[in-house]
Each structure stands twice: as C-alpha cells, then as structure tokens.
Amino acid sequence: MFLSREVVNPHIPMWLLAELTYACPLQCPYCSNPLQLPASRKQELGTDEWLRVMREARKLGAVQLGFSGGEPLLRKDLVELMQAANDLGFYCNLITSAVGLNDEKIGQFKKAGIKHIQISFQGSSRDTNALFGGTDSFEHKLAMTRAVIKQGIPLGLNFVLHRHNIHQVADFLTLAEELGAEFVELANTQYYAWALHNRDQLLPSSAQLEEAEAATNRFRAQHKGKMNVIFVAPDYYEKRPKKCSNGWGTTFITVTPDGSVLPCQSAKVIEGLEFPNVRDASLDYIWKQSELFNHFRGTDWMQEPCLSCPEKDLDLGGCRCQAYMLTGDRYATDPICEKSSDRHLISDAVEAAEQSGQFIDEPVPLLFRNTRNAKNLSMNESQSE
C-alpha cells in the first residue's frame with residue numbers, strides 16, 4: 001500500500017522516458033543503468049502494460065516520449081510501441097547505440113511515426129569506440145547514421161565525454177558534420193551508477209575541460225548555423241547545483257523495465273523511499289498522490305543551508321540522488337554547491353583528476369558495465385555489510 005498526500009500539483013509530466021530493457025550489447029563504464037542489473041528479462045513489462053503506461057502518461061499531459069534502455073532495439077515489440085505512441089500524439093524519440101539497427105528497421109520506424117533518433121558513439125575512431133563500448137560497432141554506427149539521414153528522419157548524435165576521449169571533441173564534431181547530423185550533444189559524463197563507481201578513472205582535468213570547450217566554440221564560430229552543438233559540462237566543475245530533473249516531480253516520469261516509476265533515472269539509489277509500480281497503481285495516482293513524487297517537490301523538505309538560501313527556488317537544493325550518493329543524507333545540500341558543508345567531497349575528486357595527467361593510450365582500469373561485473377559488485381557489497 002503506497003503512502004499518499006492529498007496535494008494540489010500544478011505540474012504536468014512533459015517527458016515520459018520508457019526504459020524498455022536494461023539488456024544492452026554495449027558495456028560502457030559510465031552507463032546510467034543500475035549497478036545491480038537483473039539476471040533475467042522475465043520481469044520486464046509486457047507490450048500491453050507499456051501500451052497502458054503510454055495511454056496514462058498521455059492523459060496526464062506528457063507530450064515527449066523517449067524509448068531507451070539498455071538497448072531498446074532488443075525489444076521485439078518496439079515497432080508496435082512506436083506506432084501506438086505516434087497514434088497517441090507523442091513526439092517519439094529513439095535513444096539507441098545503433099547496434100542491431102538496419103535499413104529495414106529504420107523504414108519500419110519511419111512508417112510507425114518515429115520523430116527523432118539519437119545514436120550514441122563511444123569514440124571518434126574504431127579503436128576508441130570499441131574500447132569504451134565493448135563492441136566493434138564503429139563502422140556500423142556510421143552506416144546507420146547515414147541510413148537514418150537518407151530516410152529523412154531527424155537525427156542527433158550523442159558523444160559521452162570523459163578523461164579518455166575528451167581530447168577527441170574536434171574529431172567528434174568533424175565526424176558529425178561529415179555524416180550530416182543536425183544535432184550533436186557533447187555530454188560530459190555525470191557521475192551516477194557505473195560512472196560514479198569509475199569516477200576516479202573518468203573525471204577529466206580542468207585543463208582538458210577548458211580545451212574541449214574551446215574546441216567546441218571554435219567549431220561553432222567556423223560552422224555557424226550548420227549544426228546545433230550542445231556542450232554539457234560535468235557538475236563537478238560548477239559552483240551551484242542544477243535543479244534535480246528540472247525540479248523533482250515537475251517535468252519527468254521514468255518507467256523502468258520492471259514498471260517502477262521514478263522522477264529521474266537514478267532515484268532508486270535513495271534508500272528509505274517507497275517506489276511505486278505501474279503494476280500496482282495508475283500513473284495518475286503515482287504522479288499526483290504518491291509519497292515518492294511529493295517527497296521532494298517544492299522546498300518544504302529543505303534543511304539548512306538550503307532552507308534560508310535566497311536561491312533555493314532556482315536550484316531546489318540540487319540533485320537528491322547526488323546528495324545521497326555522496327553524503328548518505330537524502331536531505332543534504334547537493335555537494336556541488338559551494339555553500340554545502342560537504343563541498344570538499346567534490347573538491348577532493350577534482351583535485352585527484354587534476355593530478356591524474358593526460359590521456360595515455362593504454363588500457364585503463366575501468367569496471368565495464370555487464371551482468372558479470374554487476375553480479376560481482378552485488379556480491380562484494382553483501383560481503384562488506
């Protein structure tokens with residue numbers, strides 16, 4: 001039985017992120033999926049359950065829908081789900097590694113009404129892409145990018161940046177331009193899940209970050225209007241936190257493969273909260289009345305220094321997941337904030353990154369995301385308790 005609050009909620013969920021499966025052919029060491037991956041796919045929501053979720057989200061007012069994972073291409077019902085999303089009036093996005101994509105599927109997706117496809121790259125060359133993705137998929141990604149563009153589907157490329165590939169920013173942008181992408185996201189790794197576990201090996205130095213931003217700005221100046229380029233800086237080099245998912249319970253709904261409903265992808269790391277499931281309650285109830293979605297809405301939950309901060313309505317105390325992961329206190333000020341008493345946790349990590357040196361073209365001691373490593377992590381945590 002879920003706890004609930006009778007509240008007047010002025011917000012509607014604009015975005016539904018449908019994490020269809022955690023299964024994935026890639027093994028990225030910065031993956032946002034949970035560290036404890038399920039051993040089987042038997043608990044994933046079925047087609048009819050996802051169709052009900054989409055109907056309920058649309059009724060709540062959601063207009064954007066992202067099919068994500070893991071790798072959503074592994075779902076055999078993906079075309080059916082896309083068609084239903086389009087019929088419901090969603091602006092439908094596919095977020096994919098392109099592993100498993102082919103010309104026939106692209107044609108099916110277009111016919112089903114897909115509005116946008118985002119393809120991720122793990123490096124600007126075959127070797128780097130294989131090293132950090134765990135698959136030799138670079139040439140296939142190139143081919144599928146061209147195929148999506150050829151079929152007239154709007155396409156964006158996503159390059160996740162970290163210490164070992166951030167020096168390739170200019171190469172990423174040149175590659176994207178040559179392929180004909182209309183949108184590029186240079187997304188510095190944000191440190192949750194697998195990325196937090198590997199943070200000491202992934203966080204770039206300030207010099208690396210400054211050069212990457214400079215390279216991005218040079219490209220923008222030379223290629224004005226040809227391609228939209230977004231550069232997302234890592235939180236660790238900021239002095240003020242950002243709103244948690246644009247405000248906890250204000251904009252986003254994430255539904256996980258097993259039907260858990262979250263205000264952000266990482267919320268399950270926060271212990272002591274009850275996580276509702278679409279198999280037990282409607283999205284309407286979960287969004288409006290569940291304890292989870294109301295827990296950090298607004299500012300009533302805050303403690304000092306957030307409570308008396310004149311900027312509290314701007315950042316809403318920062319990321320609740322990050323605060324909990326770094327301090328063990330879900331009510332703590334996000335340590336990204338320079339006013340936080342825990343800011344040293346960020347400063348220490350940045351200092352370690354400054355001393356790590358530049359990229360060395362050798363294997364790096366990263367723990368890669370796969371079921372075997374997830375099992376070992378779970379066993380290690382159990383043994384340490």
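The values are calculated or read from the model by the stated rules, or taken from the named source; none is laboratory data. Remember, it's a predicted structure, so these values are computed and weren't measured experimentally. Please note: Cβ atoms are built from the backbone with ideal geometry, for glycine as well, and neighbour counts cover all protein chains shown. These accessible areas exclude ligands, DNA and RNA; they are computed on the full protein's heavy atoms, side chains included. Shrake-Rupley method; radii C 1.70, N 1.55, O 1.52, S 1.80 Å.
Tabulated data
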{"quantity": "Solvent-accessible area of Ile230 with every protein chain in place, 1.4 Å probe, in Å² to the nearest 10", "calculated": "60 Å²"}
{"quantity": "Total charge dipole magnitude, the stretch 7-67, about the Cα centre, Cβ charges on Lys, Arg, Asp, Glu only, Debye to nearest 20", "calculated": "100 debye"}
{"quantity": "Tail fraction, Cα-Cα pairs, the stretch 1-112, threshold 18 Å, whole percent", "calculated": "56 percent"}
{"quantity": "Along each principal axis, Cα extent of the stretch 145-277, largest first, Å", "calculated": "50, 40, 24"}
{"quantity": "For the chain, size of Cβ-based charge dipole, Lys and Arg +1, Asp and Glu -1, in debye", "calculated": "1100 debye"}
{"quantity": "Whichever lysines have a C-alpha closer than 17 Å to that of Lys243, once near sequence neighbours (fewer than 8 apart) are set aside", "calculated": "Lys312, Lys339"}
{"quantity": "Cα-based reach from Lys141 at 21 Å (exclusive), listing lysines while leaving out same-chain residues under 8 positions away", "calculated": "Lys76, Lys105, Lys110, Lys115, Lys150"}
{"quantity": "Relative contact order (%) - the stretch 229-355, alpha-carbon pairs under 8 angstrom, separation at least six", "calculated": "27 percent"}
{"quantity": "Virtual spin-label span in nm between Ala39 and Arg240, 7 Å along Cα→Cβ", "calculated": "4.8 nm"}
{"quantity": "Low-density loop positions, GluC sites (Glu not before Pro), the stretch 188-283 - DSSP coil, at most 13 other Cβ in 10 Å", "calculated": "Glu271, Glu274"}
{"quantity": "Mean residue ellipticity (222 nm) of the chain, computed from DSSP H runs ≥ 4 via -39,500 (n - 2.57), nearest 500", "calculated": "-10500 deg cm²/dmol"}
{"quantity": "Rg/Rh (Cα only; Kirkwood hydrodynamic radius) as it applies to the stretch 236-286", "calculated": "1.04"}
{"quantity": "At 1.567 mPa s and 4 °C, Stokes D of the chain from Kirkwood alpha-carbon radius, µm² per second", "calculated": "59 µm²/s"}
{"quantity": "Simple Cβ-charge dipole of the stretch 237-312, Lys/Arg +1 and Asp/Glu -1, about Cα centre, in debye nearest 20", "calculated": "340 debye"}
